[in-house]
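Derivation of every value follows stated rules applied to the coordinates shown; laboratory data play no part. In this text, all values refer to a predicted model and were calculated from it rather than measured experimentally. Every residue, glycine as well, gets a Cβ built from its backbone with ideal geometry; the counts of neighbours run over all protein chains shown.
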Amino acid sequence: MTARGLRRDGIGTRFEVIYDGTSAGEAVIAVPGEHNVRNALAAVAVGLALGFTVPQMAPGLARFGGVERRFQLLGEHHDIMVVDDYAHHPTEVRATIQAARAAAPERRLVVAFQPHLFSRTRDFAGEFASALSAADEVLLCDVYPSREQPMPGVTSALVADGLRASGRAPCWEGPQARLAEALLGVTRAGDLVITMGAGDVTRSGHEFVARLGAARP
């Protein structure tokens, strides 16, 4: 089973389901990205095995808005769209940015990333920088330690250095508690903002949406 003819449908994705070499029908999901289409195909495969048709499943697929913190739309004010995502590994970061580009290619992409764990930051700093360099602007929070103790020489500056080497220096670096304020200063109408990471950066996304609605005419 494959998907053919992927195209935008709002922030989501429309595609044709190909089963046994023929079209089984068209479906729409409310989230972007090829990885989400693959997830939808897995659900369709189960439905077909149970005797349902794609047209019968299509309304349910269209209502599925994804899971919490996976390209979750937090709000939109003054033509600034704010999304939150749990991505905390370079592969996930890259996939989320690709999904954002597919969903809103006309928007400037602003990513606020919070590295998760000192060990992961140490091991993947270069790969994080490579993935994040695909954004138009990057704001970089301090490492979220979770269960770990600080490691000598391991900070978010490792990722920042990689970004600078690629020609995409972060436009802001600092603590998560100041991120929402920083976003107010760097965003403009037409932006797609993603708060990204497995730590408490999600709080900044919600705070930014609230402050954005209150602070701008």
Could you line up 22, 13, 195, 91 from fewest to most neighbouring Cβ atoms inside 10 Å? 22, 91, 13, 195
Starting from 0.36 nm per residue, how many nanometres of slack lie between residue 214 and residue 127 once their C-alpha separation is accounted for? 27.6 nm
Between the helical axis of 118-132 and the dominant principal axis of the chain, each derived from Cα atoms, what acute angle in degrees is found, rounded to the nearest 10? 70
Which of 23, 51, 197, positive extreme of dipole for the chain (C-beta unit charges): 23
Rg ratio (alpha-carbon, reference 2.2 N^0.38 Å) - region 1-159: 1.22
